[in-house]
Amino acid sequence: MVVDHLEFADVSAVPEVQVLEGGQVLTFRFGNGYGAVVARQDHLPALTAFEFCVLDCTPPGLRPTFDTPVASALLAGLSHGAVGGLLRQAQALPRHPALQAADAALRDELF
């Protein structure tokens, strides 16, 4: 099976890629505590082949989140360009509140 390598301009995270029969799943993790999962279905036209969901990447593990202005639900029927824009938005989100709280706790800690 030959699979195109998906690239998204201006997205700094290198995704974990899973190749599945009929498509790919890319999992991005950003330094702000968020990430995204992108699925591409090979049998759909390029203009509607993608799905996108924002991830909360703070412990205990990766999970979908719908509490960001980027996406309040799983988005389907997207183009490559639309997904690229959403990835850039997720990457630019402010630092996750859980990470901000951890940062504050560390600042207050005496070493």
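Values quoted throughout were computed directly from the atomic coordinates according to the rules given, and no laboratory measurement underlies them. Here the structure is a predicted model, which means the values were calculated and not measured. We place every Cβ from the backbone using ideal geometry, glycine too, and count neighbours over all the protein chains shown.
Seen against the Cα atoms of the chain and their longest principal axis, helix 97-108 is set at about 30 degrees.
Between beta-carbons, use under 15 Å as the cut-off and find the net charge around VAL54, counting Lys and Arg +1, Asp and Glu -1. Taking every other residue near VAL54 into account, the sum is +1. Computed over the chain, the per-residue total of -39500 (n - 2.57) for DSSP H runs of n ≥ 4 gives a 222 nm mean residue ellipticity of -6500 deg cm²/dmol, rounded to 500.
Rounded to whole Å, the principal axis extents of the Cα atoms in region 1-68 read 35, 22, 20, largest first. Charges were assigned to the Cβ only: +1 to each Lys and Arg, -1 to each Asp and Glu. The resulting dipole of the chain about its Cα centre is roughly 160 debye. Its relative contact order, with pairs defined as Cα atoms under 8 Å and 6+ residues apart, puts region 16-108 at 25 percent. Dividing the radius of gyration of the alpha carbons in region 16-108 by their Kirkwood radius gives 1.05 for Rg/Rh.
Charge tally around SER79: other residues with Cβ under 14 Å, Lys/Arg +1 each, Asp/Glu -1 each, net 0. I'd like the orientation of helix 80-91 relative to the chain: the angle between its Cα long axis and the longest Cα principal axis, in ° from 0 to 90, rounded to 10. Computed tilt is about 10 degrees. Taking Cβ atoms as reference points and 12 Å as the exclusive limit, the residues near PHE8 contribute a net charge of 0, counting Lys and Arg as +1 and Asp and Glu as -1. Gap in Å between the Cα centre of region 86-111 and the Cα centre of region 32-47? Here the two parts' Cα centres lie 25 Å apart.
Sorting the segments 55-66, 23-34 by their residues' average number of neighbouring beta-carbon atoms within 10 angstrom, most packed first, yields 23-34, 55-66.
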